[in-house]
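Colleague: Right, I'll just put the structure down here and ask away after.
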Amino acid sequence: MMKTLHVLVLFLFFSYSTSQVAPTQLVALIDFYQNLNGPNWITSWPINSNGNATSDPCLAGWYGIKCNGPNVYSLVLQANALRGTIPPSISALHGLQFLYLSKNSITGTIPYSLGTLSGLQQLGLDSNFINGTIPTSFLNLDILQSLFLQDNQLSGSLNSLTGIRRIQYLYLSRNRLTGTIPDAIGNFYLLQQIGVDSNLLTGSIPTGFGRAQNYLQSFYAQNNDLTGSLPASLCSVQTCDASGNEFTCPLPNHGCCLVTSCFGPTPTTPNFPTSSPSLFPTTPNPPTARLNVK
């Protein structure tokens, strides 16, 4: 029985590592290459000037691509001089679980079709020039664990993110996002780190933050237009910054989340220290290689 099991495992490994990519996915990869200035990438793909691949992405192990059988499950092209827009045909990579295109020069909007990749677990589009709103199709990404959209030019509300209930790392910092922080996001119980700082967000911080999570490590909401009461539950978060807003007096306690002033019928400035030490005065950039994708 054990010998049979070993043979089966070897067969599965052999079959996965020698499968050609699905034809529809090859077409999508070529479209992706052509839309994002592939010939000028730092590390390019073997696609000739006629738009034909000279090898198979899975068999030859194209840069940044990993396959499971005929399906591409990982596409990681961080800091690779991508320039242009993400084509809607990316949805043909229906087995995609990990997509990182961070630190490039991608422009245009996030295609609606990206949100139809319901198997996505990690998505990084940070440090580009992406504009427009977060597609409503992101409501379908209910197993997404990590989302990095910081340092772009995104606008609109956060309502399209209320369905990502299993999210653990959510970074939206330094965009042009408006509206309120939905209560649903404050109640994401698996959330460990969130950055919404340096946007144009208004309204109050949902009271679920710091209370609904198993272990919220980091909360960044500084430099917005937030008002209302500062939730006392945030005071116990290991790294918290909500400074640069206009919270209502009284504050939960001195120096909570680096907030040193509040507003109300009789505005007061508590006698807090003139400067509060902080290891993270601004949202830290998540590491380039966030998780080892095997």
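The values are calculated or read from the model by the stated rules, or taken from the named source; none is laboratory data. Values in this document were obtained by computation on a predicted structure and should not be read as measured data. Reconstructed Cβ throughout: ideal geometry from the backbone, glycine too, with neighbour counts over all protein chains shown. Keep in mind that these areas ignore ligands, DNA and RNA; they rest on the heavy atoms of the full protein, side chains included. Shrake-Rupley method; radii C 1.70, N 1.55, O 1.52, S 1.80 Å.
Quick grid of which residues meet (1) in a strand (DSSP E or B); (2) in contact with a Ser or Thr (Cβ under 6 Å, 6 or more places away or on another chain); (3) over 14 Å from Thr178 (Cβ atoms); (4) of a type in the set (A, V, I, L, M):
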| site | (1), (2), (3), (4) |
| --- | --- |
| Ser198 | no, yes, no, no |
| Leu201 | yes, no, no, yes |
| Ile205 | no, no, yes, yes |
| Gly208 | no, no, yes, no |
| Gln213 | no, no, yes, no |
| Ser229 | no, yes, yes, no |
| Cys235 | no, no, yes, no |
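Colleague: Starting from residues that are more than 16 Å from Phe219 (Cβ to Cβ) and open to solvent by 50 Å² or more (accessible area, probe 1.4 Å), keep the ones in region 249-265 and report whichever is farthest from the chain's Cα centre (by Cα).
Modeller: My answer is Pro265.
Colleague: Just one of Ala184, Ala242, Ala212 is over 16 Å from Ile167 (Cβ atoms) and of a type in the set (Gly, Ala, Ser); which is it?
Modeller: So the residue among Ala184, Ala242, Ala212 that is over 16 Å from Ile167 (Cβ atoms) and of a type in the set (Gly, Ala, Ser) is Ala242.
Colleague: Please determine, by comparing only the residues of region 171-196 that are of a type in the set (A, V, I, L, M, F, W, C) and either touching a Ser or Thr at 6+ places or on another chain (Cβ under 6 Å) or within 13 Å of Leu234 (Cα to Cα) (or both), which one is least open to solvent (accessible area, probe 1.4 Å).
Modeller: Per the criteria, the residue is Ile194.
One line per residue, one yes/no per condition, for (1) in a loop (DSSP other than H, G, I, E, B); (2) buried (at least 22 other Cβ atoms within 10 Å of the Cβ):
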{"position": "Ser89", "(1), (2)": "no, no"}
{"position": "His94", "(1), (2)": "yes, no"}
{"position": "Lys103", "(1), (2)": "yes, no"}
{"position": "Ser113", "(1), (2)": "no, no"}
{"position": "Ser118", "(1), (2)": "yes, no"}
{"position": "Leu144", "(1), (2)": "yes, yes"}
{"position": "Leu147", "(1), (2)": "no, yes"}
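Colleague: Can you name the residue in region 40-56 that is farther than 11 Å from Asn80 by Cα and loosely packed, with under 15 Cβ neighbours inside 10 Å and, of all such residues, is nearest to the chain's Cα centre (by Cα)?
Modeller: Across region 40-56, the extreme among qualifying residues is Pro46.
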